[in-house]
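Take a look at the structure set out below.
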Amino acid sequence: MIEIARLLPKIRFIMAGGGELLDRVKASAPSNVSFVGYQDKNEMWSIADIALSTSDSEGMPLSLIEAQMAGVPVVSTNVGSVSEILEDGITGYLAGKDVKELASKIEMVIEDLESGAKLGKAAKLRAEREFSSSVMADAHLGLYKDVLDKVSR
């Protein structure tokens, strides 16, 4: 994210959270990056324009589902199950691990934000349809029933 922020100096980046590398990251960050520590996720998504994930490896990142539930489009590396959460070009953009490609995708989201925020609207609708608590509960219940049916045979 720090490298991307350097490539996009006119964009303000907010990093929430912490960790053992925080001091080192802060020391290397350009002036367009702010650090806010641990925050309530709902408050953070309510003020975010874009969710950015630069992970090298992911399972099923709940933070990206949460972002889309809040109507926030996502730019993410195409790792793990991110492509199952994010519909490329519809609810955000998938990219490789190259910082220039990620920066380019961020610029594409900014263009969308300036022209009516179609990505964010689509992200919210898809997340509600695919990942709402009732959809997820039904999916888990169905899985448990399938497993129990196989065990009881």
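Bear in mind these aren't lab numbers, they're just calculated from the coordinates by the rules spelled out. Note that the structure is predicted; figures quoted are calculated from it, not measured. With ideal geometry, Cβ positions are generated from the backbone for all residues, glycine too; neighbour counts draw on all protein chains shown.
So how many Lys-Lys pairs in the stretch 40-151 land under 21 Å Cα to Cα, not counting same-chain pairs under 8 apart?
Lysine pairs meeting both conditions in the stretch 40-151 amount to 6.
Hand me the chymotrypsin sites (Phe, Trp or Tyr not before Pro) from the stretch 30-100 located in a DSSP loop with no more than 12 other Cβ atoms within 10 Å, in residue order please.
38
[x] -0.80, -1.23; [y] -0.85, -1.57; [z] -0.81, -1.43: which one is log10 I(q)/I(0) by the Debye sum over Cα atoms at q = 0.15, 0.21 Å⁻¹ as calculated from this entry?
Comparing each candidate, only [z] matches the computed number.
Given an 8 Å cut-off on Cα distances and at least 6 residues of separation, report the relative contact order of the chain as a percent.
Rounded, it is 19 percent for the chain.
Can you list the GluC sites (Glu not before Pro) in the stretch 6-66 that are in a DSSP coil and have 11 or fewer other beta carbons within 10 angstrom?
Working: sites: 20, 43, 58, 66; in loops: 20, 58.
Here the GluC sites (Glu not before Pro) that fit, given the DSSP loop and packing criteria, are 20.
Within the P(r) computed for the stretch 73-153, what percentage of the Cα pairs occupies the region above 20 Å?
48 percent
All other residues with a Cβ under 12 Å from the Cβ of residue 73 taken together, and with Lys, Arg as +1 and Asp, Glu as -1, what is their net charge?
Values: positive: 105, 118, 121, 124, 126; negative: 49, 87, 88, 111, 112.
In short, 0.
Within a Cβ distance under 14 Å of residue 97, other residues only, what is the Lys/Arg minus Asp/Glu net charge?
On the way: positive: 100, 105; negative: 3, 56, 58, 98, 101.
Once positives and negatives cancel, what remains is -3.
Could the peptides 78-85, 11-18 be put in order, highest first, of the mean number of other beta-carbon atoms found within 10 Å of their residues? Can you show the working numbers first?
Values: 78-85: 16.4, 11-18: 14.6.
Top of the packing list down: 78-85, 11-18.
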